[in-house]
Amino acid sequence: MVDALLEGHAQFLRRYVHDERSFLERLAEEKQSPDAIFIGCSDSRVIPELLTTCMPGQLFVVRNIANLIPPHEHPHVSVGAALEYAVGHLHVPHAIVCGHYGCGGVRAVMDSIDASAGASLARWLEEARDAVDATREHAATPDVWWRRAVEENVLVQLERMTTYPVVAKALERGELQLHGWIYDLFSAEIQVYDADRGTFLTASEELSGGLPDATPPRVTP
Ligand SMILES: [Zn+2]
């Protein structure tokens, strides 16, 4: 398996690097200046650069199980550190939280994951519990519940993002826009949260009506 990965790297050098040598050299010489911080799930099927056709240098990517953002002051600081660096130092103009339908992390919380699955895993996924609980009204139809929980989870994480002072300040100054996305594994389409309509629309629907940002995120009662 690892040999296949190294063979893949050899192909990358032969094809991509060969064609893009001067672009890559320029990137290496300059300070990075990404267009967005992208917080997505670690799921191997959800590849940020692939589904947005992004080049190296465009996305500052954070991936973790269930695309979670622990709130500011939470002992887990990895996501917060990335946010502070991307927003406070790189001044990215956009922050995207991208969930995906069929997210196993969200499903595990629905199915009451416990420490027997792994203590760290269970503790981490507690950060998705608010979204799962808020959509429990759909519990009688698990597939609907799963979709609604995935959607709610994106909105909860957007809201948590605003607990970081660096994000709150950038929003206040109008220097940052927040976006809630969901990738559909079956259609391979991105659904975009439309704050005005309070719902997720396909990216093509959003583009036809202009792409509004999701700021301010919905406030959970
Ligand atoms: Zn996932």
remark   = With +1 on the Cβ of every Lys and Arg and -1 on the Cβ of every Asp and Glu, the dipole magnitude of the stretch 10-71 about its Cα centre, in debye rounded to the nearest 20, is 180 debye
task = Rounded to the nearest Å, what's the spacing between the alpha carbon centres of the stretch 2-41 and the stretch 122-179? Just the number, please.
result = 31 Å
task = Find which of His89, Tyr193, Thr135 sits farthest along the positive direction of the dipole of the stretch 31-208, computed with +1 on the beta-carbon of Lys and Arg, -1 on that of Asp and Glu, about the Cα centre.
result = His89
note = So the carbon and sulfur contribution to the accessible area of the chain, 1.4 Å probe, in percent, is 55 percent
Spin-label proximity, His74 to the stretch 153-177 - amide N less than 15 Å from point 7 Å beyond Cα toward beta carbon = 153-165
request  = Provide the per residue accessible area, probe 1.4 Å, for the stretch 1-137, rounded to a whole number of square angstrom.
outcome  = 56 Å²
ask   = Measuring from the lowest to the highest alpha carbon on each principal axis, how far does the chain reach, largest first, in angstroms?
value = 54, 47, 40
key: In sequence order, calculated HN-Hα J values of the stretch 101-113 (Karplus, 6.51, -1.76, 1.60; Hz; x Gly/Pro)   = 4, x, 6, x, x, 5, 4, 4, 6, 4, 8, 6, 4
remark   = Residue span Glu49 to Asp196: 0.36 nm per residue of separation minus Cα-Cα distance leaves a gain in nm of 50.2 nm
ask   = If you count the DSSP beta bridges with both ends in the chain, what percent of them are antiparallel, to the nearest 5?
value = 30 percent
inquiry  = Quick check for you: which residues of the stretch 73-92 have the amide N under 20 Å from the point 7 Å beyond the Cα of Ser33 toward its beta carbon?
reply    = 85-92
key: Pairwise label distance in nanometres, Glu137 with Leu5, each label 7 Å out on the Cα-Cβ vector   = 4.5 nm
note = Long-range amide H partners of Ala36, meaning residues 5 or more apart or on another chain whose placed amide H is closer than 5 Å, are Phe60
ask   = Hey, if you drop one equal point scatterer on each alpha-carbon of the stretch 13-72 and run the Debye formula without solvent, what base-10 log of I(q)/I(0) do you get at q = 0.26 Å⁻¹?
value = -1.10
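The values are calculated or read from the model by the stated rules, or taken from the named source; none is laboratory data. What you see is a predicted model, and the numbers here were worked out from it, not measured in a lab. All Cβ positions, even for glycine, are placed from backbone atoms using ideal geometry, and neighbour counts span all protein chains on display. Surface accessibility is based on the protein's heavy atoms, side chains included, excluding ligands, DNA and RNA. Shrake-Rupley method; radii C 1.70, N 1.55, O 1.52, S 1.80 Å.
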